[in-house]
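Chemist: Would you mind keeping the following structure in view while I ask a few things?
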Amino acid sequence: MTSVIHAEGLGKRYGRHPALEDCSIDIPAGRVAGLVGPNGAGKSTLLGLTCGLIAPTSGSIEVLGKRPGSQLPRVGFVAQDAPVYRTLSVADHLRLGARLNRSWDAQLAQNRIRKLGLDPDQKAGRLSGGQRAQLALTIAAAKRAELIILDEPVAALDPLARHTFLLDLSELVAEVDVSVVLSSHLLGDLEQVCDHLIVLVDGRVRLAGDVDDLLAAHHETSLEKLVLDYLMRAEVRS
Amino acid sequence: MIWLTWRQFRGSALTALIGLTVLAIYFVVLGLSIRSSYQNDLVGCQPAVCDQARRLFLNTYAEQVGLSGALLIAVPALAGVFWGAPLIARELEENTHRLVWNQSVTRTHWLAVKLGLVTLFAVVVTGLFSVLLTWSASRFDQVNGDRFGALLFASRNVAPLGYALFAVLLGAVVGLLLRRTVLAMAVTLAVFAVVQVLMGTVIRSHFMPPVTATVILDQEAMRNIQGMGMNDVRGRIFGYTIPGSWSMSEENDLYKPDGSPFTVADAKTCMGEDDMRAEQDCQAKKKLYFTHSYHPADRYWSFQWIELGIFVGLSLLLAALAFRRIRQSAG
């Protein structure tokens, strides 16, 4: 099995402050991987490194076997709060996707917009947070990326929009052959969709692996209890 | 990418084109009016009234031509502030760069298209404006004979093209560095204004070393001075300008043919003549001379091209900085 993200001893410092230290992970292809940890744990830093928006200060990282950011068409990224062009309409955003991506799947995009009930003429600035996230995910998906990375996609959403978004994400993964990495500070969000988990605390990886394996190895039945255990241990150590 | 840039920019472009159209009509009307005045009042005027007619002609159009020139200098500034500064800053501010940088085009490509399209548009708009004004005011400028004047030089022919290019790139780079649209707009305006003022008042006159010549104060030279002055020690003349040239000396000491300074005592011999003209004739007979340094009229086009070259050079530096910066940018 090839890995979509492979990092060894990866680190990123901002001045003297380490945002991420000695991070070694390996996410196999075909997974929906959840990156969980409290605010400021280094989740955004890790995802930024993954899509090449920032450069590491130590260690190495490969995405789909190559340097991050070197293969834009194969990686889709939805930044925190799902930024969109406020003055452009939903249809304009699809046109943007079509113009900027050779591999654009117009059919997929159209179908998703219809299914999600988005009005193509609506200005993106007037969409709700949940709709904006869905539009951003649509662009990443219709680009036919092999890996979609979502940075805190549901953090700003109300519980219902959160649920709807994650349900839609699961359906998308079932429909299209794609690996997904998403971060959240709430384990509950990830439990719903993830089959691979990485727990990040204070810039360090505390726990990583396929959910089933993790549970079996620790003789636990609840993911929540397992992760909580690790978070508390990290707390005690620091 | 061209589509996206155009989609984001088309509102501004349309506004600019409407403005340009209105101004084009105004400039054509102004130009025709100036030309017909010139034809009717100045061509073949009676020598006795020619000076009077010229003054009247210049007075009639000075305000309109002057304001148009000021407007033309403002166009690149507006392009820099309203098109250049938000070009990147707004994307960074609203985080949309994180959306667009994660499509299949590289940041370099993204930046190249954005900068290319918007600077091209600003240069074309400014260029059309400059062509129109240069044509419209050509007779006025010809009679006025002050092509090197700071405002006139900067608002005719090719110089404005350089300003437009520079202003947009300046705005874009300031926006890229500051990452705040409104702040970037203010800083762009301030820097552009400072560069323009420095260029006009300090730098431009050093494009080439001025020519220094010894001028005999004869009847003809008398016509080109604004005044004569005396103090206890010596006499001097003020504001001597050869028509069409750029004078580098505001006032010049007068010397007698033997090289000694012209003094009050020397001047007194001509005072008491009946009128101004007689007094001037009397002074002219003395063959006084002064040294004058200036840029000859035929340097005008060299100066225009040098000015354009400097702004193109600055623009290239700014563009290089932008591309360097965008590759390193943390997003």
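Chemist: Applying the selection to the stretch B:101-143, what residues are assigned to a helix (DSSP H, G or I) and closer than 30 Å to residue A:145 by Cβ?
Modeler: Result: B:107, B:108, B:109, B:110, B:111, B:112, B:113, B:114, B:115, B:116, B:117, B:118.
Chemist: Continuing with the same structure: Taking the stretch B:79-117 as the region of interest, how many residues are within 10 Å of chain A (Cβ to nearest Cβ) and among the hydrophobic types (A, V, I, L, M, F, W, C)?
Modeler: 5
Chemist: Still on this structure: Is at least one residue of the stretch A:170-193 in contact (Cβ under 8 Å) with a residue 60 or more places away in the chain and in contact with a His (Cβ under 7 Å, 6 or more places away or on another chain)?
Modeler: no
Residues checked against (1) of a type in the set (Gly, Ala, Ser); (2) in contact with a His (Cβ under 7 Å, 6 or more places away or on another chain); (3) more than 10 Å from every other protein chain (Cβ to nearest Cβ); (4) surrounded by 18 or more Cβ atoms within 10 Å (Cβ to Cβ):
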{"site": "A:42", "(1), (2), (3), (4)": "yes, no, yes, yes"}
{"site": "A:51", "(1), (2), (3), (4)": "no, no, no, yes"}
{"site": "A:56", "(1), (2), (3), (4)": "no, no, yes, yes"}
{"site": "A:59", "(1), (2), (3), (4)": "yes, no, yes, no"}
{"site": "A:62", "(1), (2), (3), (4)": "no, yes, yes, no"}
{"site": "A:96", "(1), (2), (3), (4)": "no, no, no, yes"}
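Chemist: Moving to a separate point now. Looking only at residues that are β-branched (Val, Ile, Thr) and under 23 Å from residue B:126 (Cα atoms) in the stretch B:8-49, which one is nearest to the other protein chains (Cβ to nearest Cβ)? Spell out the reasoning first.
Modeler: Going residue by residue through the stretch B:8-49, those that are β-branched (Val, Ile, Thr) are B:15, B:18, B:21-22, B:25, B:28-29, B:34, B:43, B:49.
Subsequent filtering for residues that are under 23 Å from residue B:126 (Cα atoms) retains B:15, B:18, B:21-22, B:25, B:28-29, B:34.
Working: B:15: 15, B:18: 19, B:21: 25, B:22: 25, B:25: 31, B:28: 35, B:29: 37, B:34: 43 Å.
Residue satisfying both the conditions and the ranking: B:15.
Chemist: Can you spot a residue in the stretch A:64-74 that is in contact (Cβ under 8 Å) with a residue 24 or more places away in the chain, aliphatic (A, V, I, L, M) and in contact with a Gly (Cβ under 9 Å, 6 or more places away or on another chain)?
Modeler: No, the stretch A:64-74 has no match at all.
Chemist: Quick check on my filter: what residues within the stretch A:113-168 are closer than 22 Å to residue A:99 by Cβ, part of a helix (DSSP H, G or I) and over 19 Å from the mean Cα position of the chain (by Cα)?
Modeler: Passing the criteria: A:113, A:114, A:116, A:124, A:125.
Chemist: If the requirement is being outside any strand (DSSP E or B), within 13 Å of chain B (Cβ to nearest Cβ), more than 26 Å from residue A:195 (Cα to Cα) and within 16 Å of the chain's Cα centre (by Cα), which of these qualifies: A:83, A:68? Talk me through it step by step, then tell me what you get.
Modeler: Numbers: A:68 fails: more than 26 Å from residue A:195 (Cα to Cα).
Only one candidate qualifies: A:83.
Chemist: From the list B:90, B:139, which one is crowded, with 17+ Cβ neighbours inside 10 Å, assigned by TED's automatic domain parsing to the domain that holds residue B:183 and in contact with a Phe, Trp or Tyr (Cβ under 7 Å, 6 or more places away or on another chain)? Walk me through how you get there before you give the answer.
Modeler: Values: B:90 fails: in contact with a Phe, Trp or Tyr (Cβ under 7 Å, 6 or more places away or on another chain).
After ruling out the rest, the residue left standing is B:139.
Chemist: Only residues that are buried (at least 16 other Cβ atoms within 10 Å of the Cβ) and more than 30 Å from residue B:112 (Cα to Cα): list them for the stretch B:170-204, please.
Modeler: Answer for the stretch B:170-204, where residues must be buried (at least 16 other Cβ atoms within 10 Å of the Cβ) and more than 30 Å from residue B:112 (Cα to Cα): B:200, B:204.
Chemist: Same structure again: Could you list, in sequence order, all residues of the stretch B:147-198 that are on the phi < 0 side of the Ramachandran plot and among the basic types (Lys, Arg)?
Modeler: Once the filter is applied, which keeps residues that are on the phi < 0 side of the Ramachandran plot and among the basic types (Lys, Arg), the stretch B:147-198 yields B:147, B:156, B:180.
Chemist: So if I check each of A:25, A:61, which one is in contact (Cβ under 8 Å) with a residue 24 or more places away in the chain and farther than 24 Å from residue A:235 by Cβ?
Modeler: A:61 is the lone residue from the list that is in contact (Cβ under 8 Å) with a residue 24 or more places away in the chain and farther than 24 Å from residue A:235 by Cβ.
The values are calculated or read from the model by the stated rules, or taken from the named source; none is laboratory data. The model shown is predicted, which means the values in this text are computed figures rather than measured ones. Here the Cβ is made from the backbone with ideal geometry for all residues, glycine too, and neighbour counts use every protein chain on show.
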